[in-house]
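The values are calculated or read from the model by the stated rules, or taken from the named source; none is laboratory data. All values derive from a computational prediction rather than experimental measurement. Backbone-built Cβ (ideal geometry, glycine too); neighbour counts: all protein chains shown. Ligands, DNA and RNA are stripped out before the accessible areas are found, and what is left, the full protein with its side chains, is counted by its heavy atoms. Shrake-Rupley method; radii C 1.70, N 1.55, O 1.52, S 1.80 Å.
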Amino acid sequence: MSGAITVDVPAVLAVDEHEARQLAELARRLRDRPRDDPPAFCAAAAALAGNVPPRLVDAVRDFGRDGRSGALVLAGLPTGPVPCTPDGHDRHVGERCQLVRIQAILAELLGHLIAYEAEGEGALFQDIVPSRPAARTQTSLSSAVELELHTEQAFSALRPDHLSMACLRGDPDARTYLLTARQVTAALRPDEVAELRLPRWVTQVDESFRAASARFLDGDVRGPMPILSGPDDDPRIVLDQDLMRGVDPAAQRLLDRVIEIYLRDRRHHALAAGEVLFLDNQRVVHGRSAFRPRFDGTDRLVVRCFVTRDLRQSQHARDGSRTVASRFS
Ligand SMILES: O=C(O)CCC(=O)C(=O)O
Ligand SMILES: [Fe+2]
């Protein structure tokens, strides 16, 4: 056991009025539309990131350097006018909002925005909204069932380092669940931790990625891979409750044990309007509670984007754009 965890998960930083006004002004200066020319949009966002108030620069950069708390929330940000919540993710209403432009600028402080062909039609910003047909699926559009714990793109070597969710309209019942790798190691015996560091789990490719590509260069089943890796005092975790299986019954039992720890020890945050969450996809696994949408335009409206620390890693898969082609995922 490595002792109690003292860091709040997630850390919440309330932006003051002056900082909020400065960010709103930066968002106004980010005129490009993300879908017209994604690399130009990202370059403009990165240039504006130099003018973010220093306290927020420090918070975002510190989180990027040492993401052990797993998640950071900036609260009290201006949203600008918020459109009606659509009933699917193909309308791309979020990317036009002021809050999402602020999210883009902050994301470019943390690393580099990156998109995936199979996620939201390859757009940098994806509307995460409850959809009636997807209500019971294991996708971000679900609501009637709990979205089980996962690493974003556990199966892919090109998975994002961070993901971000900007909340335009909240739902107090929709709780984003978080469990850090350190919570896992703190709850297990040393021999169990050592076993989690062995390559004993295989992971299937997510359904949406399979739909987007006829053939994957890395095949349909990935691994065997370890669940934990990295330094003892700063472990990394890759896990997917839905898509990952142990290579034998003992490995499966250990995976089930981690899921029990998640159900017992997970922290949660219900995103509220004006909040931007950054989540460290190497150090924390996440999920979401079920909630009850009304499908009347007033449901939860969250905009998701992904960040990589090293754009070169995916250069071969992006063809000069910011979108990773599915067959490389
Ligand atoms: O909606 C949430 O809070 C989490 C959804 C999720 O896991 C995702 O979009 O990656
Ligand atoms: Fe997710």
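Starting from the alpha-carbon convex hull of the chain, give the projected area averaged over all orientations, in nm². Kindly include the intermediate steps, with their values, before the conclusion.
Values: hull surface 62.4 nm².
Average projection, Cα convex hull of the chain: 15.6 nm².
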- request: May I ask you to give the solvent-accessible area per residue for region 1-98, in square angstrom, as obtained with a 1.4 angstrom probe?
  value: 52
- line: Helix 17-29 sits off the longest principal axis of the Cα atoms of the chain, rounded to the nearest 10 on a 0 to 90 degree scale, by 80
- line: In this structure, the FRET efficiency calculated for Arg91 and Leu263 from their beta-carbon separation, with R0 = 45 Å, to the nearest 0.05, is 0.85
task: Please list 17-24, 303-310 highest first by mean number of surrounding beta-carbon atoms within 10 Å per residue.
output: 303-310, 17-24
- prompt: What is the Cα centroid distance between region 206-228 and region 70-116, reported in whole angstrom?
  reply: 27
Acute angle (nearest 10 degrees) that the helix 249-265 long axis makes with the longest principal axis of the chain, alpha-carbon atoms: 40
message: Can you give me the accessible area per residue for region 109-177, using a 1.4 Å probe, in Å²?
response: 29
statement: Taking Cα atoms only, helix 54-65 is inclined relative to the longest principal axis of the chain by an angle, in degrees rounded to 10, of 20
message: How much length would be gained if the chain were fully extended between Arg29 and Thr137, taking 0.36 nm per residue of separation minus their Cα-Cα distance, in nm to one decimal?
response: 35.0 nm
task: For the chain, give the percent of accessible area contributed by carbon and sulfur heavy atoms, probe 1.4 Å, rounded to a whole number.
output: 48
field: Total charge dipole magnitude, the chain, about the Cα centre, Cβ charges on Lys, Arg, Asp, Glu only, Debye to nearest 20
entry: 240
statement: When the charge dipole of the chain is computed with +1 at the Cβ of Lys and Arg and -1 at the Cβ of Asp and Glu, the Cα pointing farthest to the positive end, of Val100, Leu56, Leu188, is that of Val100
field: Selection from Ser142, Leu179, Val303, by position along the positive dipole direction of the chain (Cβ)
entry: Val303
query: Can you give the accessible area per residue of region 181-297, in Å², using a 1.4 Å probe?
result: 45
statement: With a ≥ b ≥ c from the Cα gyration tensor eigenvalues, square-rooted, and the rule rounded for a/c under 1.5, otherwise prolate when a/b > b/c and oblate otherwise, region 9-73 is oblate
- prompt: Taking the highest mean first, how do the peptides 26-35, 269-278, 189-198 order by number of other beta carbon atoms within 10 angstrom per residue?
  reply: 269-278, 26-35, 189-198
task: Once you have the Cα-Cα distance between Leu217 and Val247, take 0.36 nm times their residue separation minus that, and quote the gain in nm to one decimal.
output: 8.6 nm
